[in-house]
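The structure appears right after this line, and notes come after that.
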Amino acid sequence: MNNISKVSREEFLLEFENIFDETPIASLSLSTNYKDLDEWSSLIVLSIIAHFEEKFSIVIAPKTIYDNETFNELYNSISQA
Amino acid sequence: MLSEKNILVTGSSSGIGRQIAIDIGLNKGNPILTGRNIEKLEEICKLIIQEGAHPVYHQADLRNENEITDLVMSLPNLSGLVINAGIIDYTPVKFISKAKIDDIFLVNFTSNVILIKKLLEYKKINNNSSIVFIGSISSKLGVPGTSLYAASKAALTSFAKVLAIEVSAKKIRVNVLSPGLVTTDLTGNIRDKKSDGSEKDKNYPLGWGTTHNVANAVIFLLSDKSEWMTGTDIVIDGGFTLS
Ligand SMILES: NC(=O)c1ccc[n+]([C@@H]2O[C@H](COP(=O)([O-])OP(=O)(O)OC[C@H]3O[C@@H](n4cnc5c(N)ncnc54)[C@H](OP(=O)(O)O)[C@@H]3O)[C@@H](O)[C@H]2O)c1
């Protein structure tokens, strides 16, 4: 159990509003493959890590982000960690 | 090469600093180790003693000024100093906080400046000594996420230059060594961040560095073989910055 397991999947997705600058949050769904997004880059990976560390005090390994594809899968991995 | 010289190495409980301390011992110097992890410091000292040298260690968290003072007071006079303790950070600019800036600069810059100020104040650095700073090529590049780390190392490198002129009358030499990627605990993380290491390796004509590569250059800078060198910033990166 960590702080992420206390937020719903939908709330989890909303956290990415702060991470993506060009991608409208409304265009994302839990089944979106985040690596297919135009804005996807190594900086986004670092941004995800920094955001969740700052807000939820959890450290996400880069591998977790690279190994998953959809926001749903990412939620599962992080909340079970 | 370093016969009977007392040399303090900060951050010698792991990685590059550990190897520098070991190599000082192998070159007949007396390494003085410091870091927070006392078990590791003890373990490395045992290893160095087995090689016939005379290391000592002093536990200190360099973020704490009182602990720096205690460290300085515990020291014999030094003929060499290696400023190696440091932490890496990958916070993109948009996610930087004041606390983050303070954390990184406190370890990578402020603590080192306070340590050197006190060593000079208490006359712990002998004339003709050598001071080596471990910088980083990050301070000369634009790698995403490294702004605070790069800026802290750039600050340290500028500080070293001014220090070099201020202590030159005492024939104390000050040089910076700026390594590229070296495989250590610290870079275990970096490798994770880049999915796999192969992509990076192409950028290093001579491959990633080892702690031995860096320690060899440090030993040279600590020794009299570099007696005419001061105020330099030497890049050691297996050719990374060639392209
Ligand atoms: N590895 C690379 O690719 C690379 C490249 C360029 C430059 N560098 C630089 O080389 C230096 C050594 O890096 P490394 O790769 O060997 O890293 P490392 O294995 O993580 O070692 C860092 C050392 O710094 C010490 N340290 C950290 N915070 C401290 C604190 N608050 N008080 C006292 N000691 C502290 C640690 O000791 P404790 O944990 O025991 O306190 C440890 O001994 C760093 O300055 C780094 O920026 C590394």
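The values are calculated or read from the model by the stated rules, or taken from the named source; none is laboratory data. In this text, all values refer to a predicted model and were calculated from it rather than measured experimentally. Here the Cβ positions follow ideal geometry from the backbone for every residue, glycine too, while neighbour counts run over all protein chains shown. Keep in mind that these areas ignore ligands, DNA and RNA; they rest on the heavy atoms of the full protein, side chains included. Shrake-Rupley method; radii C 1.70, N 1.55, O 1.52, S 1.80 Å.
Overview of results
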item	result
Residue within the stretch B:22-31 that is part of a strand (DSSP E or B) and either more than 15 Å from the ligand (Cβ to nearest atom) or open to solvent by less than 10 Å² (accessible area, probe 1.4 Å) (or both) present	yes
Sole residue being of a type in the set (G, A, S) and under 12 Å from the mean Cα position of the chain (by Cα), chosen from A:S27, A:S79, A:S41, A:S5	A:S79
Evaluation of B:L78 against (1) free of Cβ contacts under 8 Å to residues at least 60 places away in the same chain; (2) away from the ligand (no atom under 15 Å from the Cβ) (one fails), failing number	(1)
Failed criterion for B:N128 (all others in (1) surrounded by fewer than 20 Cβ atoms within 10 Å (Cβ to Cβ); (2) part of a helix (DSSP H, G or I); (3) in contact (Cβ under 8 Å) with a residue 12 or more places away in the chain; (4) in contact with a helix residue (DSSP H, G or I) (Cβ under 9 Å, 6 or more places away or on another chain) hold)	(2)
Test result for B:L62, crowded, with 19+ Cβ neighbours inside 10 Å and either assigned to a strand (DSSP E or B) or more than 13 Å from the ligand (Cβ to nearest atom) (or both)	no
Residues that are in contact with a Phe, Trp or Tyr (Cβ under 7 Å, 6 or more places away or on another chain) and outside any helix (DSSP H, G or I), drawn from the stretch B:137-158	B:G145, B:T146
Neighbours by Cβ (under 8 Å, 6+ apart or cross-chain): first from the stretch B:91-102, more than 9 Å from chain A (Cβ to nearest Cβ) and surrounded by fewer than 16 Cβ atoms within 10 Å (Cβ to Cβ); second part of a helix (DSSP H, G or I) and at pLDDT 95 or above	B:V93/B:S147
Residue count, the stretch B:159-176 (criterion: within 16 Å of the ligand (Cβ to nearest atom) and open to solvent by 30 Å² or more (accessible area, probe 1.4 Å))	1
Total residues in the stretch B:139-158, condition more than 14 Å from chain A (Cβ to nearest Cβ), of a type in the set (S, T, Y) and either open to solvent by 30 Å² or more (accessible area, probe 1.4 Å) or touching a strand residue (DSSP E or B) at 6+ places or on another chain (Cβ under 9 Å) (or both)	3
Criterion: loosely packed, with under 13 Cβ neighbours inside 10 Å and out of contact with any Cys (no Cβ under 7 Å at 6 or more places or on another chain) - qualifying residue of A:P62, A:P24	A:P24
Qualifying residue in the stretch B:69-80 (condition: closer than 22 Å to B:P179 by Cα and open to solvent by less than 60 Å² (accessible area, probe 1.4 Å))	yes
Near pairs, Cβ below 8 angstrom, 6+ apart or cross-chain, from the stretch B:217-237 (free of Cβ contacts under 8 Å to residues at least 40 places away in the same chain) to any residue that is open to solvent by less than 10 Å² (accessible area, probe 1.4 Å)	B:F220/B:S226
Selection status of B:S152, within 14 Å of the ligand (Cβ to nearest atom) and under 30 Å from A:S41 (Cα atoms)	yes
Within chain A, helices (runs of 4 or more DSSP H) holding 2 or more residues that are over 16 Å from B:T91 (Cα atoms) and away from every other protein chain (no Cβ under 14 Å)	A:9-14, A:71-80
Positions within the stretch B:204-228 being within 16 Å of B:I134 (Cα to Cα) and open to solvent by 10 Å² or more (accessible area, probe 1.4 Å), in sequence order	B:G209, B:T210, B:T211, B:H212, B:N213, B:N216, B:A217, B:F220
Tally of residues being of a type in the set (D, E, K, R) and over 16 Å from A:E73 (Cβ atoms) across the stretch A:1-24	5
Answer from B:I104, B:I88, B:I49 - the residue that is within 30 Å of A:A61 (Cα to Cα), not in a loop (DSSP other than H, G, I, E, B) and not charged (D, E, K, R)	B:I104
